[in-house]
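So the structure is just underneath, and the comments pick up after that.
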Amino acid sequence: MPVEDTSGSGKPPDLPVLQSLVTEMLLALGEKPSRNGLLKTPERVAKALAFMTQGYQRDIDHLLNGALFPIEYDEMVIVKDIDFFSMCEHHLLPFFGRVHVGYLPNKKVVGLSKIPRIVDAFARRLQVQERLTVQIAETLSNKLNAHGVGVVVEARHLCMMMRGVEKQNTVAVSSSMLGAFRSQPQTRLEFLKLIHKTSVGDAD
């Protein structure tokens with residue numbers, strides 16, 4: 001099943017419109033936008049929303065331009081513990097956590113710094129965790145033509161912590177396994193073991 005397109009309209013954020021809408025929201029909440037503490041709130045919220053959704057302005061092909069390198073290396077490559085923040089599209093509340101990415105190269109690798117940038121490109125949008133996970137995996141698989149890709153996302157959702165069930169210690173885990181990571185249990189197991197090993201610099 002194809003993943004829903006979340007590329008947006010392609011237009012940059014309209015800050016004046018956002019500011020006006022925030023002012024209306026404050027009024028609807030029973031607040032007074034004219035009081036001192038809220039005078040600059042519409043402007044601040046508009047800028048914050050634009051920043052937190054800047055993934056809509058990211059072009060993956062441009063991001064990867066010049067960052068794919070031919071190589072004969074064929075063992076697993078892992079970049080783990082990638083911190084991210086995103087916005088739940090259901091409640092417009094943040095969810096945040098870590099992403100772990102692994103792939104089996106097929107005669108080319110991607111610059112390591114580009115993997116966190118791909119994560120940010122998809123995370124900084126209105127999202128759901130499951131779709132975010134699949135988008136990262138499918139993008140790497142397609143751009144690298146990799147033998148396999150594995151992505152695991154661990155996240156805490158403020159829409160579960162601040163409202164609804166109000167569970168502060170719940171962590172949601174999602175995964176997307178493609179190619180050898182799906183078809184070969186040993187490959188998948190190796191990936192899962194490695195992402196949970198102690199990292200360089202961690203305390204023993």
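Every read-out reported here was derived from the displayed coordinates using simple, explicitly stated rules and does not represent laboratory data. This structure is a prediction, so every number in the text was calculated from the model and none was measured. As a convention, Cβ positions derive from the backbone with ideal geometry for all residues, glycine included, and neighbour counts pool all protein chains shown.
Are there GluC sites (Glu not before Pro) in the range 58-161 that DSSP marks as loop and that have at most 14 other Cβ atoms within 10 Å, and which are they?
When the GluC sites (Glu not before Pro) of the range 58-161 are filtered for loop state and at most 14 Cβ neighbours within 10 Å, Glu72, Glu75, Glu89 remain.
If you take the square roots of the eigenvalues of the alpha-carbon gyration tensor of the range 38-134 and sort them as a ≥ b ≥ c, do you get rounded (a/c under 1.5), prolate (a/b over b/c) or oblate?
Since a/c reaches 1.5 and a/b is larger than b/c, the shape of the range 38-134 is classed as prolate.
Can you return the lysines within cross-link range of Lys11? Criterion is Cα-Cα under 19 Å, with same-chain partners fewer than 8 residues away left out.
Candidates past the 8-residue exclusion: Lys47.
Taking only DSSP H segments of four or more residues, each worth -39500 (n - 2.57), what value at 222 nm results for the chain once the sum is divided by all its residues, to the nearest 500 deg cm²/dmol?
When only DSSP H runs of four or more count, the value is -10500 deg cm²/dmol.
Ignoring the sites themselves, what is the longest stretch of the chain with no trypsin sites (Lys or Arg not before Pro) in a DSSP loop and at most 15 other beta-carbon atoms within 10 Å?
Longest stretch, sites excluded: 41-106.
What's the angle, to the nearest 10 degrees (0 to 90), between helix 114-123's Cα axis and the longest principal axis of the chain?
Its long axis makes an angle of about 40 degrees.
Using only Cα atoms, locate the centre of the range 86-119 and the centre of the range 147-185, then give the distance between them in Å, rounded to an integer.
Value for the Cα centre distance between the two parts: 12 Å.
Any chance you could get the radius of gyration and Dmax over the Cα atoms of the chain, in Å?
19.6, 64
Excluding same-chain residues fewer than 8 positions from Lys32, which aspartates and glutamates have a Cα within less than 19 Å of its Cα?
Within the straight-line cut-off, Lys32 pairs with Glu24, Glu43.
Per Stokes-Einstein, at 37 °C and 0.692 mPa s, what whole-number D in µm² s⁻¹ belongs to the range 13-80, with the Kirkwood radius over Cα pairs as the hydrodynamic radius?
Answer from the Stokes-Einstein relation: 210 µm²/s.
Quick check: net charge around Ala155, other residues with Cβ under 11 Å of its Cβ, Lys/Arg +1 and Asp/Glu -1?
With Lys, Arg at +1 and Asp, Glu at -1, the neighbours total -1.
Checking the cross-link filter: which lysines have an alpha carbon closer than 26 Å to that of Lys193, excluding same-chain neighbours under 8 positions apart?
Lys80, Lys107, Lys108, Lys114, Lys143
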